[in-house]
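Engineer: I'd like to ask you about the structure that follows.
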Amino acid sequence: MSERVLGDYDHVEALAQKLQAVAAVSRHDRPDNREAWTLAHALSDMEEAFRAILDQHLPALVSGDGRPEEVEEVLEEIGEHLRHIQYHVRDSGFFGYLGE
């Protein structure tokens, strides 16, 4: 299990500041919301979800005892992480086109 890239507020803030300078990102700003912060937060949450899938759930599928109930439970956990990722993709102005 590797250390998270966006594991703390300072890293998310630094990324948001970097993203704010990108015109393709800032053009999605709304009066009440800066897209750079939305993206930085989304990427942090997605990183956490991807790591859970890769570090916990896939190994559990491979090394588990193979009972159908266990496999189904792990698949459902993966599905919930994917749902969370999908939410962030749709919530983002920059990545919003992916939800079309």
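Any read-out appearing in this document is the output of simple, stated calculations on the displayed coordinates, not a laboratory observation. Values in this document were obtained by computation on a predicted structure and should not be read as measured data. Backbone-built Cβ (ideal geometry, glycine too); neighbour counts: all protein chains shown.
Engineer: I'd like to check something: does the range 38-59 contain any residue that is of a type outside the set (Val, Ile, Thr), touching a Gly at 6+ places or on another chain (Cβ under 7 Å) and at negative phi?
Structural biologist: No: zero hits.
Engineer: Identify, by number, the condition in (1) out of contact with any strand residue (DSSP E or B) (no Cβ under 9 Å at 6 or more places or on another chain); (2) surrounded by 14 or more Cβ atoms within 10 Å (Cβ to Cβ); (3) of a type outside the set (S, T, N, Q) that Gly93 doesn't meet.
Structural biologist: (1)
Engineer: Next question. Under the condition of being touching a residue at least 24 places away in the same chain (Cβ under 8 Å) and surrounded by 14 or more Cβ atoms within 10 Å (Cβ to Cβ), which residue from the range 52-64 is farthest from Val5 (Cα to Cα)?
Structural biologist: His57
Residue-wise test of (1) within 20 Å of the chain's Cα centre (by Cα); (2) surrounded by fewer than 15 Cβ atoms within 10 Å (Cβ to Cβ).
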{"position": "Thr38", "(1), (2)": "yes, no"}
{"position": "Gly66", "(1), (2)": "no, yes"}
{"position": "Glu69", "(1), (2)": "no, yes"}
{"position": "Glu76", "(1), (2)": "yes, yes"}
{"position": "His81", "(1), (2)": "yes, no"}
{"position": "His88", "(1), (2)": "yes, no"}
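Engineer: Looking at Ala42, Ala49, Ala21 in this structure, which one is surrounded by 15 or more Cβ atoms within 10 Å (Cβ to Cβ) and farther than 19 Å from Tyr97 by Cβ?
Structural biologist: Answer to the selection: Ala49.
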